[in-house]
1. Mind checking which pairs have a first residue in the stretch 3-14 that is exposed (fewer than 15 other Cβ atoms within 10 Å of the Cβ) and a second that is among the small types (Gly, Ala, Ser), Cβ under 6 Å, 6 or more apart or different chains?
2. Is the stretch 51-62 home to any residue that is closer than 17 Å to LYS166 by Cα and not in a helix (DSSP H, G or I)?
3. Go through the stretch 112-129 and give me each residue that's out of contact with any helix residue (DSSP H, G or I) (no Cβ under 7 Å at 6 or more places or on another chain), free of Cβ contacts under 8 Å to residues at least 24 places away in the same chain and either more than 14 Å from MET32 (Cβ to Cβ) or among the β-branched types (Val, Ile, Thr) (or both).
4. Mind listing just one residue for me: the one in the stretch 107-152 that is part of a helix (DSSP H, G or I) and of a type in the set (Val, Ile, Thr) and, of those, surrounded by the fewest Cβ atoms within 10 Å (Cβ to Cβ)?
Amino acid sequence: MVLTLSEIQFAVGQWSAVQFPANTPLEPLEGMVEELGELAHARLKRRQGIRHTPEECVAMERDAIGDMGIYLCDFASRTGIVLAAELERQGRRFAGWRSNPVSDVRAFGLLSLDAAVLLSDFADDVEYEEAGAKAGDVLGALIYYAERRGWDFLGILNETWAGVSKRDWRADPMKAGGHS
């Protein structure tokens, strides 16, 4: 069963509240940036042709994109942001991106910038009024990056959530689900 973005956000919010009750919205943002680093690592190794096969690098990129989406859903749930509504509100920006396609390198740059701005601005002001719009920017950049790579972001998010939802960090805080 394929879940919608709203359904995944709701489920992630419930799961995360149980798994990480002491988290603030900053932890998911930092997790998202950590995954951005993993995406950069996979991109670099794919382009250099070292350490991993091309197929492994693609799997690592998809994993990072999915994990960034899960962390973004967690952040949004903890702040009352409705990602689907923000994405709709940001539609013109993304329509402009789609009408003027760029390389996946530029799409990665846009994603990196949007994620960094959200973390930086929210960390300075947790009452940041633009958090919803900035979260929508990050979501749009994730979707756009996936499109530039020929992938379906919602499909990746569903695959990732199917794995993440089975993890129980309370029972095994050092290696729940075999993923760090």
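1. Close Cβ pairs (under 6 Å, with a partner that is among the small types (Gly, Ala, Ser)) amount to SER6/ALA84.
2. no
3. The answer is ASP124, ASP125, GLU127, GLU129.
4. So, considering only residues that are part of a helix (DSSP H, G or I) and of a type in the set (Val, Ile, Thr), the one surrounded by the fewest Cβ atoms within 10 Å (Cβ to Cβ) is VAL117.
Yes or no, residue by residue, for (1) part of a helix (DSSP H, G or I); (2) basic (Lys, Arg); (3) over 19 Å from PHE122 (Cα atoms):
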{"residue": "ASN23", "(1), (2), (3)": "no, no, no"}
{"residue": "GLY31", "(1), (2), (3)": "yes, no, no"}
{"residue": "GLU38", "(1), (2), (3)": "yes, no, yes"}
{"residue": "ARG43", "(1), (2), (3)": "yes, yes, yes"}
{"residue": "ALA64", "(1), (2), (3)": "yes, no, yes"}
{"residue": "ILE70", "(1), (2), (3)": "yes, no, no"}
{"residue": "ALA85", "(1), (2), (3)": "yes, no, yes"}
{"residue": "GLU88", "(1), (2), (3)": "yes, no, yes"}
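Read-outs throughout are calculated quantities, based only on the coordinates presented, and are distinct from any laboratory measurement. Keep in mind it's a predicted model, so treat the numbers as computed, not measured. Because the Cβ atoms are built from the backbone with ideal geometry, glycine has one as well, and the counts that use them run over all protein chains shown.
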